[in-house]
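Have a look at the structure below, then the notes.
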Amino acid sequence: MTSDERAARATSFGAVAETYERARPSYPDEAVTWLVGPRPRRVVDVGAGTGKLTARLVAAGHDVVAVEPSEPMRGQLQAAVPGVPTLAGRAEALPLDDASVDAVTVAQAWHWVDESRAVPEAARVLRPGGVLGLIWNVREESQAWQRRFGELISDTEATYADPLQLCPGTRASPLFGPLAEEEFAFEQQLDRAGLVDLAASRSGVATRAPADRAAVLRSVRDLFDEHVDATGRLTLAYRTVAYRAVRTA
Ligand SMILES: C[S@@+](CC[C@H](N)C(=O)[O-])C[C@H]1O[C@@H](n2cnc3c(N)ncnc32)[C@H](O)[C@@H]1O
């Protein structure tokens, strides 16, 4: 991916914010507990999007502030998780005071940030002993239809197989202790419209020319019709991959 393509994909989500909110999976509660711990804490959810992780953090009792650069995504978040303070901002320049939070979480978004600035910025807003928690839902491709889906949306399992490989600067930072890693099984039941929305919400599809995008979505409909089970749904399996690192004193 060229740096122009990367920038286009990182900023593609606003155009599909409503579809994103409908289609994208949440995160397993065990993974959320593993990331930030069981005690209520002050958490900033960065690149919060429409609030998929934010909602789970709030449900777990944390005091959460969401930071997200895209206005349409923030609008969806405010509707989906009412009452959560939602700030315009980016991981590289967080609109928060020094040492003001116990945890910085980033779901499905750390690969879009400039790590050279985002790692020190996370360290700045964290209290000593605070946690940086990164999480991704990685689609499994054990079945042929799942592999075909990945090809259609230009994001195969291999793209995100080891999400942190996409972010080498984080593993090496002296501002944080060693990264711990854990995986959780997760799945999403999708009807035909859900699978099509999921495809449409992916940056590799959202950034295509309209005719190309329409062709991909037609192929996704056909794929669904070929493989739908007796319940009228398909199950997408995910490995939820989580990383956490403690801010050094
Ligand atoms: C794939 S979405 C993930 C949204 C949400 N965290 C979730 O788990 O569904 C990626 C999000 O990162 C945001 N984003 C892109 N570049 C960013 C940056 N440099 N700093 C913070 N967020 C960014 C996008 O606007 C988008 O909402």
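The numbers here are math on the coordinates, done by the rules we state, and not lab data. Note that this is a predicted model, so its numbers are computed, not measured. Here the Cβ positions follow ideal geometry from the backbone for every residue, glycine too, while neighbour counts run over all protein chains shown.
Points worth noting:
- Residues of region 152-194 classified as under 17 Å from the mean Cα position of the chain (by Cα), closer than 23 Å to Thr33 by Cβ and small (Gly, Ala, Ser), total: 1
- Within region 145-195, the set of residues being in contact (Cβ under 8 Å) with a residue 24 or more places away in the chain, assigned to a helix (DSSP H, G or I) and of a type in the set (A, V, I, L, M, F, W, C) comprises Trp145, Phe149, Leu152, Leu164, Leu166, Leu195.
- Among the candidates Pro95, Pro85, Pro38, residue that is touching a Gly at 6+ places or on another chain (Cβ under 8 Å), at negative phi and not hydrophobic (A, V, I, L, M, F, W, C): Pro95
- Residue in region 74-92 that is polar (S, T, N, Q), over 19 Å from Arg6 (Cα atoms), touching a Ser or Thr at 6+ places or on another chain (Cβ under 7 Å) and buried (at least 20 other Cβ atoms within 10 Å of the Cβ) present: yes
- Just one of the numbered conditions (1) in a helix (DSSP H, G or I); (2) touching an Asp or Glu at 6+ places or on another chain (Cβ under 7 Å); (3) within 12 Å of the ligand (Cβ to nearest atom); (4) touching a residue at least 60 places away in the same chain (Cβ under 8 Å) is not true of Trp34: (3).
- Hey, Val16 under 27 Å from Thr235 (Cβ atoms), out of contact with any Pro (no Cβ under 6 Å at 6 or more places or on another chain) and not small (Gly, Ala, Ser) or not: yes
- Every residue from region 9-23 that is within 13 Å of Ser70 (Cα to Cα) and either assigned to a helix (DSSP H, G or I) or of a type outside the set (S, T, N, Q) (or both): Arg9, Ala10, Phe13, Gly14, Ala15, Val16, Ala17, Glu18, Tyr20
- Looking only at residues in region 111-149 that are farther than 21 Å from His62 by Cα and of a type in the set (A, V, I, L, M, F, W, C), the one that is surrounded by the most Cβ atoms within 10 Å (Cβ to Cβ) is Ala118.
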